[in-house]
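What follows is a single structure, written as C-alpha cells, with notes after it.
Rule-based calculations on the coordinates, nothing more; no lab input. Bear in mind the structure is a predicted one, so any value in this text is a computation, not a measurement. Counting neighbours? That spans all protein chains shown, and the Cβs are built from the backbone with ideal geometry, glycine included.
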Amino acid sequence: MIRIGARAHDFGTTSPAKLAASLAGFGLCCAQLAINKAIAGISLKPGELNPGLAWEIGQCFRENHVQIAVLGCYINAVHPDEGPRNELLQFFKDHLRYVGDMGGSLVGLETGTPNAAYAVDPRTGDESTFQALVRSIAELVTEAEAFGVKVAVEAVTHHTISTPAKMKRLLDEIRSPNLVVIHDPVNLISSDNYGDQDRMIEEPFQLYGDKIAIIHAKDFSLETGSYKQVATGFGQLNYSLLCGLIAQSKPGISILLEESGPDTVEHCVAHIQSHWPS
C-alpha cells in the first residue's frame, strides 16, 4: 500500500473546497495543510482558530477523501524573546486544540534558530539553544497530551535539531507517545554531507523508527554545481533505499510530496511507484 499526498499550498492558495478537490483530482489521498499559506482570505493570529472554521476546512477535505495528515504550524520554538516566543507557542497550541475538528491528529513544526528572523545562526548548535527547544516542545507536548493529539517534529540541517542523533536526544528528553517525527531525508542532507546520503536516509529508522509518523518526499540536485532542493525524481536521492525502508517498516504511512505542484506531481508519484519494492 502506497499513500501519497502533498503539501497543500504547493497547489495554490484558494478555498478549502477547491484546494481539496484539486489534490483529489491528482489522485492524492492526504495532505500537509498550513492554513495561512493554503487557504485564501485567512491570516490567523493566536486565539483566532476556532471549532467552526476548523470543522468547515476539515469537512471540505473529508468530502474529497483527502486526509489532513499534518496540520502545519511552522513556528520558531527557540525565538530568543520570551513575549514573541510565548505567542508562537500559543498559536501552535491553537492548532493542537482544533486539529481533531479537521479530522487530523498531528501538528508539525521544525525546530528553529535562536534569532527573531529565523535565519541561520552560529548559536543554533549551542546547548543553551537545545535546552530552550526542550522547554518549548515539552510545553507543546503537554498540551497535545491533554487533547489526545501529537506534536510532529521535523529536523533541518541548519536548525536546532539538525541530525538524527539530536532528534534521538530530543525524543529521549521528552518521553511521550504524543511526540512523533516527520522524517524528511533531504532536510538532513547538505552540500557538506550529500555523499553520505544513505546514512541520512537509514539512521532515523534505526534510531527512532517507532516514532516516525510521516515521510516528506522531495529530492536534491547538484547539477548546477551547487546544492538545491528539487521535486521528487528530479535529483539524486536514493529512492530505492528510502522506499524499501518504508515498505518494510512503515506500511501505509503518509508520504507527502514537497517542492512539487500541478506541473510535476504525476512525475513525482510515478518516481516513487517505480522505486517501490515489488
Problem set entry | Extended-chain gain in nm, criterion 0.36 nm per residue less alpha-carbon gap, A165 and D126 | 12.6 nm
Exercise. Say R0 is 41 Å: what FRET efficiency, to the nearest 0.05, do E139 and R62 get from their beta-carbon distance?
Worked result: 0.85
Exercise. Dividing the Cα radius of gyration by the Kirkwood radius, what Rg/Rh value follows for the range 1-93?
Worked result: 1.02
Problem set entry | Dipole of the chain, positive direction: furthest Cα of M167, L242, Y98, with charges on the beta-carbon | Y98
For this session: Please give the FRET efficiency for R175 paired with L241, using the beta carbon to beta carbon distance and R0 = 41 Å, rounded to the nearest 0.05.
Result: 0.90
Exercise. When only C-alpha pairs under 8 Å and at least 6 residues apart count, what is the relative contact order of the chain, in percent?
Worked result: 17 percent
For this session: Quick one: which residues, 5+ away or cross-chain, put their amide H under 5 Å from the amide H of H216? H built at 1.01 Å from N.
Result: H183, D184, L256
Exercise. Roughly speaking, what % of Cα-Cα pairs in the range 3-255 are separated by over 25 Å, rounded to a whole number?
Worked result: 43 percent
Exercise. Considering only DSSP beta bridges with both partners in the chain, what is the antiparallel share in %, to the nearest 5?
Worked result: 10 percent
For this session: Tell me the label-point distance for the pair S43, D196, using the 7 Å Cα-to-Cβ offset, in nm and rounded to one decimal.
Result: 4.3 nm
Seminar exercise, completed: The orientation-averaged projected area of the Cα convex hull of the range 87-166, in nm², is 5.4 nm²
Seminar exercise, completed: By the mean-Cβ-within-10 Å protection proxy, highest first, 154-165, 110-121 rank as 154-165, 110-121
Exercise. Per residue of the chain, what 222 nm ellipticity follows from adding -39500 (n - 2.57) for every DSSP H run with n ≥ 4, rounded to the nearest 500?
Worked result: -12000 deg cm²/dmol
